[in-house]
1. From the list Asp102, Asp89, exactly one residue is part of a strand (DSSP E or B), touching a residue at least 60 places away in the same chain (Cβ under 8 Å) and more than 16 Å from ligand 1 (Cβ to nearest atom). Which is it?
2. Could you tell me whether any residue of the stretch 222-237 is at pLDDT 95 or above, aliphatic (A, V, I, L, M) and closer than 24 Å to Thr281 by Cβ?
3. Out of everything in the stretch 62-82 that is away from ligand 1 (no atom under 16 Å from the Cβ) and in contact (Cβ under 8 Å) with a residue 60 or more places away in the chain, what residue ends up being nearest to Glu172 (Cα to Cα)?
4. Output yes when any residue across the stretch 176-197 is within 14 Å of ligand 2 (Cβ to nearest atom) and small (Gly, Ala, Ser), and no when none is.
5. Can we say Thr269 is β-branched (Val, Ile, Thr), out of contact with any strand residue (DSSP E or B) (no Cβ under 9 Å at 6 or more places or on another chain) and buried (at least 16 other Cβ atoms within 10 Å of the Cβ)?
6. Could you tell me whether any residue of the stretch 91-100 is among the hydroxyl-bearing types (Ser, Thr, Tyr), away from ligand 2 (no atom under 16 Å from the Cβ) and more than 24 Å from Asn65 (Cα to Cα)?
7. Would you please name the residue that is surrounded by the fewest Cβ atoms within 10 Å (Cβ to Cβ), looking only at residues in the stretch 150-200 that are assigned to a helix (DSSP H, G or I) and of a type in the set (A, V, I, L, M, F, W, C)?
8. Taking the stretch 121-149 on its own, how many of its residues are farther than 22 Å from Ala244 by Cβ, surrounded by fewer than 24 Cβ atoms within 10 Å (Cβ to Cβ) and over 19 Å from the mean Cα position of the chain (by Cα)?
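The values are calculated or read from the model by the stated rules, or taken from the named source; none is laboratory data. This structure is a prediction, so every number in the text was calculated from the model and none was measured. Note: ideal-geometry Cβ built from the backbone for every residue, glycine included; neighbour counts use all protein chains shown.
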Amino acid sequence: GNPSPQPDNNYQVLAGQQIEYYLKSLAESSERVELVSIGKSVQGRDIWRVHIRPYGDTGEDVRRNAVWFEAGIHAREWISPATACHLLDYLVADKSLTNNLDVYMVPVANPDGYEFSRTNDRYWRKNRRTNTGSSCRGVDLNRNWDESFGVGASSNPCSEVYKGTEAFSEPETEALSTEMQRVSSVDDLRLMISLHSYGQVLLYPWGYTTDKAPKTRMMKSAGRRFARGAKTSYNTKYTVENSATGMYYASGTTDDWAKAALEVPLSYTLELRDRGGNGFTLPANQILPTSTECRGKGSTSDNQLRDK
Ligand code: ING
Ligand code: ZN
């Protein structure tokens, strides 16, 4: 069909291929950065996973604390991969931050959807699966994880929250979960954040039930610390909420699966800017401020970032 008009205030956001190029050059320029394709999307695009090893790591096989960032699982939430890339830059530049910590990140978890959103339909959310018996395409990758699959999701392929035929039916969620499982077997996965937009809210499990998840108090207090930090840069307000009670019921999400299957103590969905004024079409001049406030202030790499 006819491509819908592209909001021209988003021209500064990077195309998928540019992000790939950036990731490859980052891996080539820093010994601490390892880049691996953990699988292919429905349309055959690579799903890239970045690993930042601690500064001064001798390459020894030691079990460390680790954090996992997932971005771009929803196509239209362009601020998510952008924030992930800025965070990467920051983590690689600052030696002190990743001291004794393994950082893992998938900056574009849904590369087909991202491309489709950029070129055809700005508001596309799902992946680009061709659904058998339906003319509607796509599975909501944040309803396709193997935790309480189907409770708060749709079985209609035309729905924006279509869960797919079964848990992990999609190559994207299959690749992500397999790699997260591998990481949690070699490291202690302490924190998982799935980056989304919009709403300025940090969500914690469960999404499929209003029952209290393990370590809720810890997720709340760490979450509030994030919100306080995020406020210091531009006075942007983030709230901290339980998914099911503060947002809406959702099942088969990344954060519920990380919490239940991998027992990651701090498991979150972070809804970035804004609160609906621009929504998904966040103006480009808010990309850097959003990234900056989410990682907090005062790093030695701030000056380098400002020049980019
Ligand atoms: N929001 C999330 C979604 O997948 C969410 C909200 C996440 C609710 C996790 C419950 C659990 O619908 C966006 N913007 O995608
Ligand atoms: Zn989302």
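1. Just a single option satisfies the conditions, and that option is Asp102.
2. The answer is yes; a qualifying residue exists.
3. That would be Val67.
4. So the first thing to find is which residues in the stretch 176-197 are within 14 Å of ligand 2 (Cβ to nearest atom), and the list is 193-197.
Next, from what is left, pick out any that are small (Gly, Ala, Ser): 194, 197.
Checked the stretch 176-197: at least one residue is within 14 Å of ligand 2 (Cβ to nearest atom) and small (Gly, Ala, Ser).
5. In short, no.
6. no
7. Taking the candidates together, the pick is Val186.
8. 9
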